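The values are calculated or read from the model by the stated rules, or taken from the named source; none is laboratory data. None of the values given here were measured: they were computed from a predicted structure. FYI the Cβ positions are ideal-geometry reconstructions off the backbone, even for glycines, and counts take in every protein chain you see. For accessibility, only protein heavy atoms count, side chains too; no ligands or nucleic acids. Shrake-Rupley method; radii C 1.70, N 1.55, O 1.52, S 1.80 Å.
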Amino acid sequence: MSNTDFPDRELTREQEFIDGLYTRVDALRGDTEASVTDALAQGNTPQQARLERDILVVERSGLLAALNAVDGALCFGRLDLTSGVTHHIGRIGLRTEDAERTPILIDWRAEVARPFYLATGHTPMGLRRRRHITTEGRRVTALHDEILDLGDATRTGHEDPSGDAVLLAALDSARTGRMNDIVQTIQAEQDEIIRAPHRGVLVVEGGPGTGKTAVALHRAAYLLYEHRELLAKRAVLIVGPNPAFLGYIGEVLPSLGETGVLLATVGELFPGVKATATDTPEAAAVKGRADMADVLAAVVRDWQSLPDPVIAIEHDREILMLDDDLVKVARERTRDAGLAHNVAREHFEGHILNTLTDMVAERIGTDPYDGSNLLDPSDITQIRDELAENPEVWSAIDQLWPRVTPRRLVADFLAAPEAHLGAEDATAVRRPVTRAWTVADVPLLDEAAELLGEDDRVARFRAERERENQVAYAQGVLDVSYASRTYEFDDKEEEDSEVLSAHDIIDAERFAERHEEDDHRSAAERAAADRTWAFGHIIVDEAQELSPMAWRLLMRRSPTRSMTLVGDPAQTAEAAGVGSWSEILAPYVEDRWEHTRLGVNYRTPAEIMDVAAAVVRARHPGFEPPSSVRSTGVRPWARATDDLPGAVAEAVAELTPAEGRLAVIAPRDLHRRLAARLDGVTAGAEPDLTHAVVLLDPRQAKGLEFDSVLVVEPSRYGTSDLYVALTRATQRLGVLHSEALPASLAGAFAAVEEQQGA
């Protein structure tokens, strides 16, 4: 009897298979939890065993996080090959526990899984059938089979002639306020990008809804799978435009079994600083310019001062005069070393001490008759040592070449920028020293840190002293142990007293090592605390918005230039944004970068995209938007009103779906008035995208998507911001305005109505 007679038999078979998978996963989860607990309970173990324990804790903790994250749709596909072999495809790979280690579930990133994403009827890649398995939790709810070998007459009753049912279901599903992975519905053009070589710079350009962010995240998961040893050590950095966006994408990689990734905004990439203030567009543009690197270099040189006109130092009842000429020689010699300011200070100290030593030696060691020097090298050394103990000498050095922190240098510069900037630019960036940091300040801090360097002599001295104290303590413990053993065996036979003690098998240094604090942080956690960390790969979303100074920061963190940049120049809104890929990359890799473009819009229905595209075409007639894959039949609308808050409240009640999310996108200065009429909505706070209704400005909406969107007062938006706001909806779009619509948007609605009327 054929499967056609019992179509539900296939559902039963897949359910039994998936039940077996979860049995294995639950057992593996339990074993992993137990192994981590046991490892942590071992305490101080011998050095090699401790190293193996630390590795186990880090690796198993990552595996445990992955297992806890993949409960949803652990297995989502099956490949039936013409050879008779069957492969199930899922988020992670699982094997049997016997000696053969036979694959049970194939990781979606494995090469054998590629036909799941690439095979077609024209190029079946050895497949007879491709099956999509839809689940809710651990329960199989639907199967969709695609027949790729048309000569095979076997049918299951779950055939999907179009092969698009799973994709369209995903596109039409209600949003949750968190991005879902697309591992079940990766398209062929997306798969090529995901699996591209990780070396070099890859630019992925795509309009709204093309899935470029999802592709970038899946690329991160693939690279971690394909280059595990390298990237697990160096970590992957994903840079997003704002904290709300990072929260929105935060669950994607864990759902794909990957946790060793650092997600951050540019404002979070200087350890110890979190940008909480906001710049004016003018200030952000000035701070982001490439020539700010030269400005900060000049600011650093200003800290390397000269006497005005002299510095008098009392030493041994004599006055030593450091004048402009003497210090200038020391300064130029120090600068010639080409070292960062704080690192170079040690050289400057040496030059000043040598200069002062020569002064003293000349005064006390010169023969009055023939002018010869009567001092030998030991006398000169003694004079120098005495000068090095004189506080006035160090006070002079601190005045002439002070140690400076990046925060102090940038804060002082921004408080009085007129010495290095023109009047207009200085007015734009000037601010009190006590003000909080902005996102545009962080690249300045990073540049300052590079120019200043870190004089680690004090830190090294403290570390050495701490090490000496630990060894001394360990020696004391061993001495007490040895003394106790000697007393115990005083009255025993000599041969009994030859029993080995701790003193005989370990010395104080190794004993101290065993009590050093272990570092169980992941590579991503250590990278977040280390400004000089070199990442194995960097992914930048909304890359067109970053300023030249922000790119300098990121390139320092990628010395190998292994990067994936995703964005859309048509959506460039930041005044400091570069927008042109060649302009961004030329200073770092010249023309050695790859470019690819995603041209299919999976998010925005055609009805909405027609309006959004017309807005851009009003300024750029040759603009070509991505092609929408679906049409909902729901036309976007625009309404004028004299009561904007009231109209917004009514529209929200009208548009809010039973399931899913609605975004009100409005200029920031209207948020308080609007929030007062919207239940559960707070103005000014970081938006919680899991709420049914959220209030955003256009910049906060970048990269996000909602079931319904209400755009408020669009006349206050620039073209890029308006294009972004109009393309966030997956189902419905409304526009409310008390001011006249921008001509481009009014023309877009008129053109669409005319086209639809025709």
Q) When the scattering of segment 248-336 is computed by the Debye formula from its Cα atoms alone, each counted once and equally, what is log10 I(q)/I(0) at q = 0.19, 0.23 Å⁻¹? A) -1.01, -1.17
Q. Could you state the principal axis extents of the C-alpha atoms in segment 361-429, from the largest down, to the nearest angstrom?
A. 65, 24, 16
(Q) With θ taken as phi - 60° and the coefficients 6.51, -1.76 and 1.60, list the Karplus ³J(HN,Hα) couplings across segment 429-436 in order, rounded to whole Hz; mark glycine and proline as x. (A) 9, 4, 7, x, 4, 7, 6, 5
**Q.** 5 angstrom amide H check on VAL261, placed H, neighbours 5+ away
**A.** none
Q | ARG403-GLU318 pseudo-label distance in nm [points 7 Å out on the Cα-to-Cβ vector] | A | 3.0
Q) Using a simple charge model, +1 on the beta-carbon of Lys and Arg, -1 on the beta-carbon of Asp and Glu, nothing else, what dipole does segment 284-340 show about its Cα centre, in debye to the nearest 20? A) 420
**Q.** Cα-based shape type of segment 154-208, given that a ≥ b ≥ c are square roots of the gyration tensor eigenvalues and the cut on a/c is 1.5
**A.** oblate
**Q.** Restricting segment 314-373 to trypsin sites (Lys or Arg not before Pro) in coil, as DSSP defines it, with at most 14 other Cβ within 10 Å
**A.** ARG317
Q) For segment 259-352, with every protein chain kept in place, what is the accessible area per residue (1.4 Å probe, Å²)? A) 48
Q | segment 641-696 - Kirkwood radius from inverse mean 1/r over Cα pairs (Å) | A | 11.4
(Q) Starting from a Cα-only point model with no solvent, please compute log10 I(q)/I(0) by Debye for segment 522-631 at q = 0.10, 0.11, 0.12 1/Å. (A) -0.40, -0.48, -0.56
(Q) Apply the Karplus curve 6.51 cos²θ - 1.76 cosθ + 1.60, θ = phi - 60°, to the phi angles in segment 397-409 and return the couplings in whole Hz, x for Gly and Pro. (A) 5, 4, 6, 8, 9, x, 6, 10, 8, x, 5, 5, 4
Q | Computed over segment 655-739: relative contact order in percent, which uses C-alpha pairs under 8 Å that are six or more apart | A | 34
Q: Indicate the gyration tensor shape class of segment 569-666 (rounded, prolate or oblate), computed on the Cα atoms with a ≥ b ≥ c the square roots of the eigenvalues: a/c under 1.5 is rounded; otherwise a/b larger than b/c is prolate and the rest oblate.
A: prolate
Q: Measure up LYS274/LYS328; LYS287/LYS702; LYS233/LYS274; LYS287/LYS328 against 28 Å on the Cα-Cα distance and list the ones that go over.
A: LYS274/LYS328; LYS287/LYS328
**Q.** Integer Hz, Karplus 6.51/-1.76/1.60 couplings in order for segment 412-424, x for Gly and Pro
**A.** 5, 5, 5, 6, 9, x, 5, 5, 10, 10, x, 4, 5
Q: When a/c is below 1.5 the answer is rounded, else prolate if a/b is larger than b/c, else oblate, so apply that to segment 271-388 with a ≥ b ≥ c taken from the square roots of the Cα gyration tensor eigenvalues.
A: prolate
Q) Amide H to amide H, which residues 5 or more places from ARG597 or on other chains are under 5 Å from it, using H placed in the peptide plane? A) GLU205
Q | Cα→Cβ-extended label distance, 7 Å offset, between VAL329 and THR381, nm | A | 2.4
Q | Quarter of the Cα convex hull surface for segment 595-718, i.e. its orientation-mean projected area (nm²) | A | 9.1
(Q) Explain nothing, just the number: relative contact order of segment 540-681, from Cα pairs under 8 Å at least 6 residues apart, as a whole percent. (A) 17
